Amino acid sequence: MSTSILRSTTALRTALRTAAPQTTKAFSTTAPTRALATLPDLPYDYGALEPAISGRIMELHHTKHHQTYVTNYNTVQSQITDALSTGNTAAAIALQPALTFHGGGNLNHTLFFENLAPKKQGGGQPPSGPLAKSIEMHYGSFDKMKTQFVAALAGIQGSGWAWLVQDNETGALGIRQYANQDPVVGKFTPLLGIDAWEHAYYLQYENRKAEYFKEIWGVVNWKVAEGRMK
Amino acid sequence: MQFANLTLGWMLSLAQSRLGVGPLVQSKLDATTAAPTPHTAFTLPPLDYSYAALEPHFDEETMRIHHTKHHQTYITNLNAALQGTPFVGLHIDDLVARLSEVPAELSGKVRNQGGGHANHSFFWKNLTPNATALAEGSPLHKGIEQAFGSFEVFQQTFEKAATSVFGSGWAWLVVQEDGELKVVTTLNQFSPLMGAGVVGKGVAGFPVIGLDVWEHAYYLKYRNVRPEYIKAYWHVVNWDFASDRYMEARSSIAHPEL
């Protein structure tokens, strides 16, 4: 089980690395290469997160939503690579929103499914190591952090995510809202994310998103979150 | 009572000088604010049809939850935000056109919840179980042909726009200030009625048809397949209502003094 996480994460990192275009001059003779993203396997069965999240939701979320982001990200990669390799800056820039959306969607869902776990694989177990210490330092207690996290989730207008992040410079923890599929990149490292898009809960919770934001904590994988700390 | 009228009168003249909503929306506002109902909270407007009436295109369960839960929640939150303010009693379309007058600490809430109420109120009227094709000789059909080349191209444009909303939002056919028809999209609960200052000149306008592409509008039946939901929409569009909206918009532009 754990090797498949490692394999898919490594594959993802490789894909991201090799997708970065090499543009040392305006019309590079080394055409940017691209690596196709693939849908990472889940480290648990679709039904394993019940009753917090139904198997029906997990299957749709993984095989339809996440798969679509992967497929479309690969398409956008192709289009951007073509644009860059023909020196069409305008076209490449025009594709930025699509890259953010589909690439971000792929990143977000990969991290999300990794930071969930069935109870018998440690889901819901509060952190105990350096992450626990950091949470206490920045929020006073684990429960206080959770309260802020839930408030951040509840406050999202439309579609988006809330993340526990780490500041890359200071190491400080923070809770941030990200709209649509905007990923956590740049200044912050994503530690733990919760999908607040309606598709993440609608078939089970309908409009009762406060319930979903309460129940999800029972299947959160804090060990994985801690492993993401720098 | 006197104070409320004074306040509303002040707001109206402020709107005329500052908002720049254009003669189109402004004349609509003048008409609807002529006789305000003071201190009346917003209420959920009933549908003109049963929850099951739009089957098989829009399923009963979605219609019920969409109306009684989602739309109701926008209204409940909006009323809570506006309690004790002079904005209570405005028509919802007036309120969303006057967002710049709402105090800063309330404006986000009013935009989201008020936009939600305005958009959904429009949406229910935009749908009908007795949909008939838009008559080819009708002013709206002619207007669409003029703006898009053909009705089919308009539909493709609308479908592409509705599919391409990256997140939650709406797709609209609007009449712009210059009388031209345009397909636009808004994110979350922004409305073209909010005016250029809020949504930009390219998006502002008077909605003729609109489609909710938030996942709650289609997920129970269509799951992630938004394009299928968009195709189904054409079966339930109330083109009579749309034609009325178009004529209203066109006559406001032709006769701004009315």
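FYI, it's all coordinate maths here, none of it is from the lab. Keep in mind it's a predicted model, so treat the numbers as computed, not measured. Methodologically, a virtual Cβ is constructed for each residue, glycine included, from the backbone with ideal geometry; neighbour enumeration extends over all protein chains shown.
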Legend entry - Coordinate range along principal axes, alpha carbons of region A:48-154, Å, largest first: 53, 35, 26
Legend entry - Where only alpha carbons of region B:59-126 are counted, the Rg and the Dmax (Å): 12.5, 39
Legend entry - Scattering curve values for region B:88-228, log₁₀ I(q)/I(0), Debye with Cα scatterers, q = 0.12 Å⁻¹: -0.51
Legend entry - Given charges at Cβ of Lys, Arg, Asp, Glu: region A:90-230 dipole, positive-most of A:GLN177, A:ALA200, A:GLY140: A:GLY140
Legend entry - Cross-link table B:LYS142/B:LYS221; A:LYS120/B:LYS69; B:LYS69/B:LYS221; B:LYS125/B:LYS182; A:LYS146/B:LYS69; B:LYS142/B:LYS182, entries beyond 24 Å C-alpha to C-alpha: B:LYS142/B:LYS221; A:LYS120/B:LYS69; A:LYS146/B:LYS69
Inset, instruction - Please give, to one decimal in nm, the separation of the simple spin-label points placed at B:GLU60 and B:GLU136, each 7 Å out from Cα toward the Cβ. - result: 3.8 nm
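With +1 assigned to the C-beta of every Lys and Arg and -1 to the C-beta of every Asp and Glu, and no other charges, what is the dipole magnitude of region A:32-126 about the Cα centre in debye, to the nearest 20? Numbers along the way, then the final one.
Working: 5 positive and 6 negative charges, 16 e Å.
Roughly 80 debye for region A:32-126.
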Legend entry - Separation in nanometres of the label points that stand 7 Å from Cα toward Cβ, at A:GLU59 and B:GLN146: 5.3 nm
Legend entry - Per-residue Cβ neighbour rank within 10 angstrom, fewest leading, B:ASP240, B:ASP212, A:ASP167, B:ASP178: B:ASP178, A:ASP167, B:ASP240, B:ASP212
Inset, instruction - With just the Cα atoms of region B:134-211, tell me how far they stretch along each of the three principal axes, in Å, largest first. - result: 34, 26, 16
Legend entry - Ranked B:THR76, A:THR147, criterion: other C-beta atoms within 10 Å, fewest first: A:THR147, B:THR76
Inset, instruction - Could you work out the mean projected area of the convex hull around the alpha carbons of chain A, in square nanometres to one decimal? - result: 12.8 nm²
Inset, instruction - Take every Cα pair under 8 Å in chain A that's 6+ residues apart, average their separations, divide by the length, and report that relative contact order as a whole percent. - result: 20 percent
Inset, instruction - Output ³J(HN,Hα) for region A:68-78: one whole-Hz value per residue in order, computed from phi by the Karplus curve 6.51 cos²θ - 1.76 cosθ + 1.60 with θ = phi - 60°, and x for Gly and Pro. - result: 5, 4, 4, 4, 6, 4, 5, 5, 5, 3, 4
